[in-house]
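Have a look at this one before I ask anything.
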Amino acid sequence: MSIQRTVPERAISGVEMVIKVAVILFMLVPAALVVVLSFSAEKNVAFPPTHWGFKQYSDLFGSSYWMSSVGTSFVIALPAALVAVAVGVPAVIALERTRLPGKPVLRILGIAPLILPGVAYAVALYTFYVDAGLVGTRLGVILADSMLSLPFVFLVVSASLKRISADLELVAMSLGATRLRATFGITLRLLAPAIAAATILAFVTAFDEAVLVNFVGGGQVITLPKAIYDSVRTGLQPLITAIATLLMLFTGLLMFGATRWRKGSAD
Amino acid sequence: MSSTGTTQAQDRPQVAADEPRVKLDLRSVVKTFGEVEAVKNISLAVEEGLFLTILGPSGSGKTTLLRMIAGFMPVTSGSIWLGGVDISSLPPGKREIGMVFQNYALFPHMTARDNILYPLRMRKWSKERQKARTEEVLALVGMEHLGDRFPRQLSGGQQQRIALARSLSFMPNLLLMDEPLGALDRELRVRMAGELRRLHEELGNTVLYVTHDREEALTLSDRIAVMRDGDVESVGRPQDLFARPETAFVASFFGGHNIVPCSSVSDVQAGTVRVSCLGLDLTVPASTRLDVSQPVSLAVPGDALELADASAARDCIAASVHSAVYMGNHIHVACDVGIDDVPQLRMDLPGGRAMPPPAGSRVALRIDAQMVTAVNKS
């Protein structure tokens, strides 16, 4: 480019660059530090470590407490994701493809859990759960987490459905398909990549959830984030760094898969 | 049913040639959305093997009518008969109607061939019959070499051919087309229109075609139904609608004629009236629906006007040229006549080597009274 920049312009772009780099460092350095620390062989969290090794990882995999919390997280997050998809996908189709009254309100309700402050939602849910006898049950946590995951299903699936012409279903019906067959064979078939991506997002959301479980779990349902939260309260165990590293790797891979699937649905 | 398209015509019950069979029969069809009457009591019969175009501006109810025939929305009242059967309450898939959409509506996750196979699979045809018929319709639209492509790998025109092949593959009783050429560029549109006409003549099927483009309607149709505000204003052969429009709307929207108000009407004879118009007294043919108690206008086609010698002012209209555009085989001229309530007159002069008259020049126009039609103003 041959456009000459003035001195203040160059100064501004220099400052802009510094801010960008600072923001990126601020976000990445703690994460990188945790990964580095997870390979320390120290008994306490100290930087820089003097001994290196896989001590934290062997401690983690050797602890039945931590392993059972991982198991609980899967047992909670998987059904929660499936419930969110089972509720979200039909809701999106109803919103986009029918003459439903009050659509704008329903659309906002669909993404409300995203906007609502988590603690406020947790308190409200807790009082309701006390009456329903759901406090401290896995079912209670699953339902709470599925509501929290619903907005992701909502957003991902409706964005994809908007790109699928409603005429496709009509043409399938005129070609001899029943309404059910046209919906499943055409619309849902074309939505499949988006639904897969939404399931992953919902799963990750439920898997990482640490606020609701503190309220509605009633101390009996110990998911991985809950276990981490509890352990940090009693002092920082170095084993946490190994959990954090694995968690980052796991969710990172899942999110990568989700974006790939969503790209596939764009065609 | 036979598996070949060309024998389709022979499959139809034989009827006497002088007694055309009605294929599609709309009986007092009404569609209302809340307070709005989108389709007002339409009755229309389409004879077997005819290509009928529903022509109307946007919002005239033509697409609503088409969607009711296809079965995508229920009729509010009235009934739709196809081949002597009341199909009003049948689901779309049981109506045996092929439909082509403006945006092609090909299934993006299937190849062209699989798109064409879809209706045959739904009908559980035998594998051999499915394959034979698919290759046959692919050849019919000249796409046999592109059957394995996905829709996104095909051009707009190619996609439309596949959509057409798909809607013909199961040998429907009726083919509906909703502005199928609307998304194509002009040159391709003209070529595809020619091909649609050739296909129709080859297959002899009954076609209902919806468009707002009068050129498409002119080139394709055996019959044209002009729609306006949810009603069919006029039905007829393109030639009749063009030469003897029944209403001012048909004359201007379909024919592109000038609509010139008349100041007095008298001497109504069989088929003709005497009118005062543009400062002239003319005896002109009248629309069969003319009501002389209502305001009367003349529908003047662009080629009913010609330039006269400036000296021959008698029986001529004095005008000044507003603009003149050379179009090759004709010259399109717009003239101001300087009479209140009379719009600019648009006329087509022979082109070729002729020079367009300069803008602002004074001219005398001669009108061919036999080519104009007296119609009601609205």
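Residue-wise test of (1) out of contact with any Leu (no Cβ under 6 Å at 6 or more places or on another chain); (2) surrounded by 11 or more Cβ atoms within 10 Å (Cβ to Cβ).
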| position | (1), (2) |
| --- | --- |
| B:295 | yes, yes |
| B:315 | yes, yes |
| B:332 | yes, yes |
| B:335 | no, yes |
| B:340 | yes, no |
| B:344 | yes, yes |
| B:348 | yes, yes |
| B:356 | yes, yes |
| B:375 | yes, yes |
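Across the range B:64-78, which residue is farthest from residue B:212 (Cα to Cα) among those that are in contact with a Pro (Cβ under 8 Å, 6 or more places away or on another chain), within 11 Å of chain A (Cβ to nearest Cβ) and among the hydrophobic types (A, V, I, L, M, F, W, C)?
B:72
Looking at the range A:107-121, can you tell me whether even one residue there is over 25 Å from residue A:162 (Cα atoms) and more than 19 Å from the chain's Cα centre (by Cα)? Spell out the reasoning first.
Keep residues of the range A:107-121 that are over 25 Å from residue A:162 (Cα atoms), which gives A:116-121.
Checking which are more than 19 Å from the chain's Cα centre (by Cα) leaves us with A:120.
Yes, some residue in the range A:107-121 is over 25 Å from residue A:162 (Cα atoms) and more than 19 Å from the chain's Cα centre (by Cα).
Could you please let me know if residue A:180 is buried (at least 20 other Cβ atoms within 10 Å of the Cβ) and either in contact (Cβ under 8 Å) with a residue 60 or more places away in the chain or within 14 Å of another protein chain (Cβ to nearest Cβ) (or both)?
no
Residues are listed down the side, and each one gets a yes or a no for (1) of a type in the set (A, V, I, L, M); (2) on the phi < 0 side of the Ramachandran plot; (3) surrounded by 17 or more Cβ atoms within 10 Å (Cβ to Cβ):
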{"site": "A:75", "(1), (2), (3)": "yes, yes, no"}
{"site": "A:123", "(1), (2), (3)": "yes, yes, no"}
{"site": "A:131", "(1), (2), (3)": "no, yes, no"}
{"site": "A:142", "(1), (2), (3)": "yes, yes, yes"}
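Report, by residue number, each residue of the range A:147-175 that is of a type in the set (A, V, I, L, M), touching a residue at least 40 places away in the same chain (Cβ under 8 Å) and crowded, with 22+ Cβ neighbours inside 10 Å.
Within the range A:147-175, A:148, A:150, A:153, A:156, A:157 meet the criteria.
For the range B:324-334, check the following and say yes or no: at least one residue is farther than 16 Å from residue B:346 by Cβ, in a strand (DSSP E or B) and modelled with pLDDT of 85 or more.
No, the range B:324-334 has no match at all.
Hey, another quick one. Assess whether residue A:187 counts as being polar (S, T, N, Q), surrounded by fewer than 18 Cβ atoms within 10 Å (Cβ to Cβ), within 11 Å of chain B (Cβ to nearest Cβ) and over 30 Å from residue A:122 (Cβ atoms).
Against the criterion (polar (S, T, N, Q), surrounded by fewer than 18 Cβ atoms within 10 Å (Cβ to Cβ), within 11 Å of chain B (Cβ to nearest Cβ) and over 30 Å from residue A:122 (Cβ atoms)), residue A:187 does not qualify.
Right, here's the next one. Condition first: in contact (Cβ under 8 Å) with a residue 12 or more places away in the chain and outside any helix (DSSP H, G or I). Can you find one or more residues in the range B:186-196 that meet it?
For the range B:186-196, residues in contact (Cβ under 8 Å) with a residue 12 or more places away in the chain and outside any helix (DSSP H, G or I): absent.
Out of curiosity, is residue A:224 within 13 Å of chain B (Cβ to nearest Cβ) and closer than 26 Å to residue A:259 by Cβ?
Answer is no for this residue.
Looking at the range B:199-221, which of its residues are in a loop (DSSP other than H, G, I, E, B) and closer than 13 Å to residue B:55 by Cβ? Quick ask: steps written out before the conclusion?
Residues of the range B:199-221 that are in a loop (DSSP other than H, G, I, E, B), as a first pass: B:204-206, B:212-213, B:221.
Listed by number, the residues that qualify are B:212, B:213, B:221.
Something else: Give the residue that is farthest from residue B:23 (Cα to Cα), with candidates limited to residues of the range B:79-134 that are within 9 Å of chain A (Cβ to nearest Cβ) and among the charged types (D, E, K, R).
Checking each candidate, the answer is B:121.
Has the range B:244-266 got any residue that is at pLDDT below 90 and of a type in the set (Lys, Arg)?
no
Does the range B:135-170 hold any residues that are outside any helix (DSSP H, G or I) and away from chain A (no Cβ under 12 Å), and which are they?
B:141, B:142, B:143, B:147, B:148, B:149, B:154, B:155
The values are calculated or read from the model by the stated rules, or taken from the named source; none is laboratory data. These figures come from a predicted structure and were not determined experimentally. Virtual Cβ from ideal backbone geometry, glycine too; neighbours counted across all protein chains shown.
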